[in-house]
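Trainee: Once you've had a glance at the structure underneath, I'll fire off some questions.
The values are calculated or read from the model by the stated rules, or taken from the named source; none is laboratory data. Nothing here was measured: the structure is a model prediction, and the numbers come from that model. In this analysis, Cβ positions are derived from the backbone assuming ideal geometry, glycine residues included, and neighbour counts consider all displayed protein chains. The accessibility values were calculated without ligands, DNA or RNA, using every heavy atom of the protein model including side chains. Shrake-Rupley method; radii C 1.70, N 1.55, O 1.52, S 1.80 Å.
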Amino acid sequence: DTGVSQDPRHKITKRGQNVTFRCDPISEHNRLYWYRQTLGQGPEFLTYFQNEAQLEKSRLLSDRFSAERPKGSFSTLEIQRTEQGDSAMYLCASSLEGGGLYNEQFFGPGTRLTVL
Amino acid sequence: SQKIEQNSEALNIQEGKTATLTCNYTNYSPAYLQWYRQDPGRGPVFLLLIRENEKEKRKERLKVTFDTTLKQSLFHITASQPADSATYLCASADSWGKLQFGAGTQVVVTP
């Protein structure tokens, strides 16, 4: 399967713990996006990369959130000191440059985070 | 800031009928609107993109329209099938390609 993959698919953690999610985009895609989705809502933009450069971060992304994309390939999203409000589905998407504007974004299956 | 509004009520429709979903935006006309399908527990899947200067776009049983006067896009599923049951998301893109989604409309097609 050459689609976008995310790991883990599910994560249950206790409040205050740190968690890290991984996203492997489609190999030739230079853009990578992270979104967060809560029940009954559409995905909300968190951050995105063009190659290894992080170009924009949403105001939703507090200082406890950090994302990286070393070498412009896979990406990680880390949440430190998790809170119950962080419980959500975290979606990764990738695209060729311009994706979303005139190219589709390809989404992974998501990582569902539950903070107890 | 831009808001994307979709009807939050589920659309229940009989198999074979046409489902019509509405997407309204509040401010500037986006250069592109995209429609995605999302099944429970899965990531969204791209369906159609329509440009600001296009009135209508079709793909198989799907049709999208874009009315900049009404600030609205309509999404139609013709000859609907139970397999079309899903949540349909409308999204606008900014110049960087970042998507802003509506909350989605759930479609339930009954045999």
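Trainee: Note down the net charge around B:K3, summing +1 for each Lys or Arg and -1 for each Asp or Glu among other residues with Cβ under 13 Å from its Cβ.
Mentor: -1
Trainee: Once B and A are treated as a pair rather than alone, how much accessible area drops out, both sides summed, in Å² to 100, probe 1.4 Å?
Mentor: Chains B and A together bury approximately 1700 Å².
Trainee: Considering only the other residues whose Cβ falls under 14 Å of the Cβ of B:G102, what net charge follows from Lys and Arg at +1 and Asp and Glu at -1?
Mentor: Overall, the nearby charge balance is 0.
Trainee: So if I average 1/r over every pair of distinct C-alpha atoms in chain A and take the inverse, what Kirkwood radius in Å does that give?
Mentor: About 14.1 Å, per the Kirkwood formula over Cα pairs.
Trainee: Further, regarding this structure: Roll a 1.4 Å probe over the protein chains and send me the accessible area per residue for the protein assembly as shown in Å².
Mentor: Here the per-residue accessible area is 50 Å².
Trainee: Roughly speaking, what is the centre-to-centre gap between region B:1-73 and region A:20-88 when only Cα atoms are used, to the nearest Å?
Mentor: Using only Cα atoms, the two centres lie 25 Å from each other.
Trainee: Tally up the carbon and sulfur contribution to the accessible surface of chain B as a whole percent, 1.4 Å probe, everything protein left in place.
Mentor: Accessible surface attributable to carbon and sulfur in chain B totals 47 percent.
Trainee: Just to be sure I understand the interface: list residues from region A:40-62 that lose 50 Å² or more of accessible area between the chain on its own and the complete protein assembly, 1.4 Å probe.
Mentor: A:P43
Trainee: Write out the GluC sites (Glu not before Pro) in region A:50-101 meeting two conditions: DSSP loop, and at most 14 other Cβ atoms within 10 Å of their Cβ.
Mentor: A:E52, A:E83, A:E97
Trainee: Taking a probe of 1.4 angstrom, what is the accessible area of B:F46 in Å², to the nearest 10?
Mentor: Accessible area of B:F46: about 40 Å².
Trainee: So, one more: Please arrange A:L60, A:L113 by accessible surface area, largest first, computed with a 1.4 Å probe and ligands excluded.
Mentor: Listed by decreasing accessible area, they come as A:L60, A:L113.
Trainee: OK, next. Hey, rough spin-label estimate for A:K57 and B:Q2, points 7 angstrom out along Cα→Cβ, what's it come to in nanometres?
Mentor: So the two model labels end up 2.3 nm from each other.
Trainee: Let me ask something additional. Under 15 Å from the Cβ of A:G110, count the other residues' Cβ atoms, weight Lys and Arg +1, Asp and Glu -1, and hand me the total.
Mentor: Local net charge: +2.
Trainee: Next question. Count the lysine pairs in chain B whose Cα atoms lie under 20 Å apart, taking only pairs 8 or more positions apart in sequence or on different chains.
Mentor: Count of close lysine pairs: 10.
Trainee: Can you give the extra length, in nm with one decimal, that the chain gains between A:I26 and A:Q84 once fully stretched, where that is 0.36 nm per residue apart less the Cα-Cα distance?
Mentor: Length gained, A:I26 through A:Q84: 17.7 nm.
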